[in-house]
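Report on the following structure.
Values quoted throughout were computed directly from the atomic coordinates according to the rules given, and no laboratory measurement underlies them. Bear in mind that the values here come from a model prediction, so they are computed numbers and not experimental data. Virtual Cβ from ideal backbone geometry, glycine too; neighbours counted across all protein chains shown.
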Amino acid sequence: MTPIRFSPSSLKEGRWYEYLIRFALGGAATVFTGLVSSRYGAFIGGLFLALPAIFCASATLIEKHEIRRKREAGLTGGRRGQLAAAVDSAGAALGAIGMLAFAIVFSLTAETSVATAFTGASCAWLAVSIAAWHLRRKTRSVWRVRTEQGSGSEIRRSR
Amino acid sequence: MTEYVIRFLVGGAVLGDLLRPKSFAGLFGAAPSVALATLGIAVYQHGVDYAVSQTQAMIAGAIALAVYSVVVCHLLVRAKLRAVTATLLSLIVWVMVAFGLLMFTGGQA
């Protein structure tokens, strides 16, 4: 199982303008949510707090970086790029469960204390996201072992 | 104007690039950075009740985001679409699920 680690070298893979685009998209999403809220009310605006604006940019960049890396090694890398972006989106699905926890905790605690609501909701996002990621990882490795054991016994039976 | 500049700067924060493995870094694709910035400003300008209304609707948005991410993953793996096409096409799914849930719950998500 690959351990979680910081990889500062991955920052070198990106061009400065790619990070600028992501930064701008995140900022634009925040401005857009504010505009929607002021025009259509808090409820409709609230939906856009979970708009996947940054995700669109990051998935595209991950694919691009993977393709660039493979091209440097003399390969096309198109399929590898798609798969790298798919892994990222699987992670985002788990992060969305964390975001759900964020929203629930904030809405339940904000009237008691705003500071607690922000802290509690952020911790809930992190804890639930990491727990979901670990659970998925364990489930997948158990499933993989069972599949390998199953195919191994089938091979022995066929001999 | 200052409000929108603050929104722009705070909402633009990005972290996920520094982490490995990729599936773990993907968690940060659904980080509530836009929500933190927007809710902070909402509490300051309109009060707590306004921010609570926003987070209640955000529940529907987060469910839609989970569905959206799964759809993007499948479009990339099975339909073999490019990331830009898959992510933009799936926005239709996000809009449908988010507003569908909001309508289904009668605006009480």
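Between A:ARG69 and B:LYS80, the modelled labels are 2.2 nm apart [label points 7 Å from Cα along Cα→Cβ]. Counting neighbouring beta carbons within 10 Å and listing from fewest to most, the residues A:GLU66, A:GLU18 come out as A:GLU18, A:GLU66. Each of A:VAL36, B:HIS46, A:MET99 was placed along the dipole of the protein assembly as shown (beta-carbon charges, centred on the mean Cα), and the one lying farthest toward the positive end is A:MET99. Normalising by the residue count of segment B:59-109, find the relative contact order in percent from Cα pairs under 8 Å and 6+ residues apart. Dividing the mean separation by the residue count of segment B:59-109 yields 50 percent. If R0 is taken as 25 Å, the Cβ-Cβ distance between A:THR139 and B:LEU91 corresponds to a FRET efficiency of 0.30. Per-residue ellipticity at 222 nm computed for chain A from its helices equals -29000 deg cm²/dmol, with DSSP H segments shorter than 4 residues left out and the rest contributing -39,500 (n - 2.57). Under 5 Å from the amide H of B:LEU19 lie the amide H atoms of A:SER7, each residue being 5 or more positions distant or on a separate chain, with H modelled from the backbone and absent for Pro and chain starts. Look at the dipole of segment A:52-158 built from charges on Cβ: of A:GLY120, A:ALA57, A:HIS134, the Cα furthest out on the positive end belongs to A:HIS134.
I need the shape label for the protein assembly as shown. Rule: rounded when a/c is under 1.5, else prolate if a/b > b/c, else oblate, with a, b, c from the alpha carbon gyration tensor.
On the way: a/c = 2.00, a/b = 1.55, b/c = 1.29.
Prolate is the answer for the protein assembly as shown, as a/c is 1.5 or above and a/b outweighs b/c.
Take the Cβ atoms of B:TYR44 and B:THR105, set R0 to 30 Å, and the FRET efficiency comes out at 0.60. Starting from the Cα gyration tensor of segment A:30-70, take the square roots of the eigenvalues, sort them a ≥ b ≥ c, and report rounded, prolate or oblate (rounded when a/c is under 1.5, otherwise prolate if a/b is larger than b/c, else oblate). Because a/c hits 1.5 or more and a/b exceeds b/c, segment A:30-70 counts as prolate.
In a reduced charge model with +1 at each Lys and Arg Cβ and -1 at each Asp and Glu Cβ, segment A:1-154 shows a dipole moment near 520 debye about its Cα centre.
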